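S.K.: Please find one structure pasted underneath; my questions will follow.
FYI, it's all coordinate maths here, none of it is from the lab. Note that the structure is a prediction, hence the values are computed from the model and not measured. Here the Cβ positions follow ideal geometry from the backbone for every residue, glycine too, while neighbour counts run over all protein chains shown.
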Amino acid sequence: MTISANSNRIAPLFLPLFLSLVPVLIFHFDAVKEREQVKAEAKRDWLEKSSTHVEQIQRMVRPNFWVEEMARRLKVRFSKFPAHDRSDEFGKSLSLAFKGSKISGTPKVKIWGVRFHGNQANRFGELCGHHLFEKDWGAFIVSLLLSLAKSSSNPDIENSPRVSSTWLNRLKLVFGDGINEELFSANFRGKAFPVIVGGNYGIAVWDFLGRVKNPLGAFLLVMKSDQSIYQTALTLCANKWLKLSRFPVFLKIPGSPWEPCQSPVMPPKIPQKMFLKWLTPFQKMIQIK
C-alpha cells in the first residue's frame, strides 16, 4: 500500500520529464538519419564524379586520343584565321595552325595538306608546298582527299575510293595491308587508326578544313608509333590532368605479358615518393591469371 502510494505520487513527476525528452529523442534520430542521408548522397556524388573521371582517363590513355586531339586543335586554330587568309593564304594558315596544334611530348608527326579549288562540279586539288608538309605520295594523297571531299558533297557519286578495288590496293600500298576502305569513309573523318607508312608504324587521322559539304581543303596527319607510345599516352594523361582532388596513377603490373606502363606515372604536382611507398603493397597484390 505504501509503495503504491509512492508510485502514484512519483508518476506525475516523470511524465513531464519524459514528454520534455521526446522532442530531443526525435531530433536525435532525425539528425542521425540526416547524417546517413548526407553520407549516402556524398558517396553517390563521389561515385558519379569518379565514373566521369574514369571515362575521361580511359579516353586519354589511348594514343589515338592524342592524334585526334591534335587534329581537332588544328581545325580550331585554322578556323580562327580570317576568311581571306584561309582562302588565299591557305598553305601559310594551315602551317601556322599545325605549329600551334602540336602537343608537347608527342612523337614526330607528318602532315599532308591539300587545297581545293573550283566548285563542286569542277573541283581539283593542290598539294601544299610549305616546308612543313610532306611531299611523298603527294599525287595519291591529293586524289584520295579530293575524292573524299567530292563524296562528302554527294555520297552517291562513283568516285569514292571505297568503291574501287584499285583504290583499295593503292591504300594498302601506302598505308599497309591492314587498311580497309571504311577508314577513308565519312564515319572515320577525324578518327585515328593504325597505319604503316614507309615501313614505319604510325597512327593516322584525316579531316576536312572548312565546311564538310564544301571544304576549303583537307589534311592527313600521321604520328609515329612504337611500343613507347603507350607510355607516352599515360604520361600525357597525367601531365594534362588538372583536377588534383582525384587523379590517375599508373603502375606496372607484375607478371603482365603486355605492359604499356614501363615506369610509374602520376601528375607532376603529386609527391611521387610518398604515393609510391603507399601503393607498392597494392601493386604486389595484383596478379595476372
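S.K.: Apply 1/(1 + (r/R0)^6) to the Cβ-Cβ distance of His130 and Asn200, taking R0 = 30 Å, and write down the FRET efficiency to the nearest 0.05. Spell out each step's value before the answer.
M.R.: Numbers: r = 22 Å, r/R0 = 0.74.
Efficiency computed from Cβ-Cβ geometry: 0.85.
S.K.: Lysine pairs in the range 78-218 with Cα distance under 12 Å, only those 8 or more apart or on different chains: how many are there? Mind showing how you got there, number by number?
M.R.: Values: Lys99/Lys110; Lys102/Lys110; Lys110/Lys135; Lys150/Lys213.
Step by step, the pairs that qualify in the range 78-218 add up to 4.
S.K.: Another question, if that's okay. I need the per residue convex hull volume for the range 104-143, using only the alpha carbons, in cubic angstrom as a whole number. Spell out each step's value before the answer.
M.R.: On the way: hull volume 3.7 nm³, N = 40.
Spread over its residues, the Cα hull of the range 104-143 gives 92 Å³ apiece.
S.K.: Using the 10 angstrom Cβ neighbour count as an exposure proxy, how do Tyr230, Tyr201 rank, fewest first? Don't skip to the end; give the middle numbers.
M.R.: Values: Tyr230 19, Tyr201 16.
Final ranking by Cβ density, sparse to dense: Tyr201, Tyr230.
S.K.: Okay, moving on. Dimensions of the range 175-214 along principal axes (Cα, Å, largest first)?
M.R.: Extents along the principal axes, in whole Å: 34, 17, 13.
S.K.: Let me ask another. Give me Lys110, Lys135, Lys172 sorted ascending by neighbouring Cβ count inside 10 Å, so fewest comes first. Provide the component values of the computation, followed by the final result.
M.R.: Values: Lys110 18, Lys135 12, Lys172 15.
By the 10 Å Cβ count, ascending, the order reads Lys135, Lys172, Lys110.
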